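The values are calculated or read from the model by the stated rules, or taken from the named source; none is laboratory data. Since the model is a prediction, treat every value here as computed from it, not as a measurement. Quick reminder, even Gly has a Cβ in these numbers, built from the backbone with ideal geometry, and neighbours come from all protein chains shown.
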Amino acid sequence: MPTSESANADGSPILRSRPPTRGSPILRSRLPTRGLRRETGVRHRITAPRSYDRGHLATWPPSSDGGSGQRGLRRETGVRAQQTSTRLAKSTRVRINLGMAYEHTSTRRVEFSETDMAGLVHFSNFFKYMETAERDFFEAAGVDLINTEPGQLVGWPRARAECKFTAPLRFGDRIDIHLAVKAVKDRSIDYQFRIFRKNADGSRTQTAKAHLTTILTMLVENGELKSVEIPEYVRERITAAPAAVLARPGGV
């Protein structure tokens, strides 16, 4: 705000400006914005949160009509947006809570190459179906199934695998592979699998029930596999399923 402190010879006031204060609108944000612009395509008028955790955290720009853009965001993510504002700019911060995962169902069709001379699915392919569900489960939980970085090769070898077959599968059958976590231990995870055939009348037939135990291991320098403890961020995403999830569904 200009102030009059003295006058010129003709009597007109001499105007001087005070130094900008912290609340002045000419202050600029010093938050790092280059990385944010690369990731979101938004200029520096959108400020990034100073801190975040390992959860999925996204910063979304305001909508073109001046709003926070929360409606479209909620439609896409199913999560309410918590808006935080500063004197310089507004930003919408959304925390997507994946929750604790303990079950997953994968659906697929039996391929011709998976059948034997009798036209039935070869028993070994049931274990491949289980691995498909395991991969989908980890992906849905937001956890990497393996790590192939040099010097940090980590995976989940099988320590135990068993399966009881109760009905055949044939080429073209549609199947559900249901995975449920039985237990998360210090270094291993126990799974239960149920494989169902989807019938034309809408019912399902259980064709197999299986159990699988995997151990988290690391490949060390001498080529040996060494078991390691399951890290905390995995335990925050994966937990044991309730008894009702492990039980056989009614009417199957």
Item to complete: Please indicate, with yes or no, whether at least one residue in the range 239-247 is surrounded by 15 or more Cβ atoms within 10 Å (Cβ to Cβ), touching a residue at least 40 places away in the same chain (Cβ under 8 Å) and closer than 20 Å to Glu149 by Cβ.
Response: no
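Here is a yes/no grid of residues against (1) of a type outside the set (Val, Ile, Thr); (2) touching a strand residue (DSSP E or B) at 6+ places or on another chain (Cβ under 9 Å); (3) within 19 Å of Ser106 (Cα to Cα); (4) not in a loop (DSSP other than H, G, I, E, B):
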position	(1), (2), (3), (4)
Pro168	yes, yes, yes, no
Tyr191	yes, yes, yes, yes
Lys209	yes, yes, yes, yes
Leu212	yes, yes, yes, yes
Met218	yes, yes, no, yes
Asn222	yes, no, no, no
Val234	no, yes, no, yes
Ala241	yes, yes, yes, no
Response to the item:
Selection from the range 154-184 of residues surrounded by 15 or more Cβ atoms within 10 Å (Cβ to Cβ), within 29 Å of Ile230 (Cβ to Cβ) and more than 29 Å from the chain's Cα centre (by Cα) yields Cys163
Discussion item. Being more than 24 Å from Thr217 (Cβ to Cβ) and either in contact with a helix residue (DSSP H, G or I) (Cβ under 9 Å, 6 or more places away or on another chain) or among the small types (Gly, Ala, Ser) (or both) is true for just one of Arg108, Arg197, Arg204. Which residue is that?
Written reply: Arg108
Worksheet item: Within the range 95-112, is there a residue that is modelled with pLDDT under 50, in contact with a Ser or Thr (Cβ under 7 Å, 6 or more places away or on another chain) and not in a loop (DSSP other than H, G, I, E, B)?
Response: yes
Response to the item:
Those residues of the range 185-229 which are among the aliphatic types (A, V, I, L, M), surrounded by fewer than 18 Cβ atoms within 10 Å (Cβ to Cβ) and under 22 Å from Ala161 (Cα atoms) amount to Met218, Leu219, Leu225, Val228
